[in-house]
Amino acid sequence: MPWKKLSSTLVYENDWMQVREDDVVNPGGGRNQYGHVHFKNTAVAILPLDEEGNTWLVGQSRYTLGEYSWELPMGGAPGDETPLEAAKRELREETGLDASNWTEFQRLHTSNSITDEVGVVFLARQLAQGATDFEETEDLAVRKLPIEEAIQMALEGQITDAISVAALLAYAARNKPGP
């Protein structure tokens with residue numbers, strides 16, 4: 001690791017994240033202040049897929065963006081919960097779906113220039129519909145649509161959430177028909 005941390009100052013902390021300012025020596029030997037956002041949960045996203053090739057998106061107003069966002073069902077896995085346990089919980093809460101077949105599909109870093117956040121995407125199959133259980137901060141719209149339409153939304157910029165876009169495009173690349 002060519003970076004060397006000399007000191008670290010906690011700037012802000014809540015139940016979900018902490019922000020530090022680190023005094024570092026960079027790979028070229030110079031000194032810099034580097035902002036570091038540490039997320040306390042692992043991000044989990046779910047790509048639910050039924051036998052007819054449909055998936056589910058959730059839509060909600062995102063405070064930080066000041067706009068509406070369509071994205072895969074997702075949430076956070078706190079330290080006392082595995083990413084798979086959290087994915088099962090989030091899928092049920094946000095869409096009412098339960099799945100009996102789960103596959104870890106993708107791991108990624110959401111914005112590795114400022115954060116150490118890890119995202120884990122699961123493919124959920126063999127779905128059964130139940131009731132949603134939204135959290136107080138969630139005012140979600142749930143949309144069932146063909147996976148090809150969701151992929152097209154990502155390609156056209158109608159879905160901008162990084163984990164959702166990465167998962168949908170990875171699914172498209174892995175399931176491309178023909179030679």
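The values are calculated or read from the model by the stated rules, or taken from the named source; none is laboratory data. Keep in mind that what you see is a predicted model, and the values were worked out from it rather than measured. So basically every Cβ, Gly included, is an ideal-geometry build from the backbone, and we count neighbours across all protein chains shown.
Below is a table of values for the structure above.
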item	result
Filter result for Leu155 (surrounded by fewer than 16 Cβ atoms within 10 Å (Cβ to Cβ), free of Cβ contacts under 8 Å to residues at least 24 places away in the same chain and touching a helix residue (DSSP H, G or I) at 6+ places or on another chain (Cβ under 7 Å))	no
Some residue of region 97-111 being without any contact (Cβ under 8 Å) to a residue 60 or more places away in the chain and at positive phi	no
Strands (runs of 3 or more DSSP E) lying entirely in region 1-95 (those with 3 or more residues that are touching a residue at least 12 places away in the same chain (Cβ under 8 Å), surrounded by 18 or more Cβ atoms within 10 Å (Cβ to Cβ) and not aromatic (Phe, Trp, Tyr))	42-48, 54-62, 74-77
Any chance Ala141 is in the same structural domain as Leu57 (by TED's automatic domain parsing), of a type in the set (Gly, Ala, Ser), at pLDDT below 90 and closer than 28 Å to Tyr63 by Cβ	no
Any hit, region 81-97, residues being of a type in the set (Asp, Glu), more than 14 Å from the chain's Cα centre (by Cα) and within 19 Å of Met17 (Cα to Cα)	yes
Top-ranked residue of region 108-117 - restricted to ones that are in a strand (DSSP E or B) and out of contact with any helix residue (DSSP H, G or I) (no Cβ under 9 Å at 6 or more places or on another chain), ranked as nearest to Arg143 (Cα to Cα)	His109
Hey, Gly119 out of contact with any His (no Cβ under 8 Å at 6 or more places or on another chain) and either more than 22 Å from Ile147 (Cα to Cα) or assigned by TED's automatic domain parsing to the domain that holds Val165 (or both) or not	no
Some residue of region 60-82 being modelled with pLDDT under 95, in the same structural domain as Pro146 (by TED's automatic domain parsing) and touching a Phe, Trp or Tyr at 6+ places or on another chain (Cβ under 6 Å)	yes
Residue match in region 15-35 (condition: at pLDDT below 95, of a type in the set (Ser, Thr, Tyr) and more than 22 Å from Ile147 (Cα to Cα))	yes
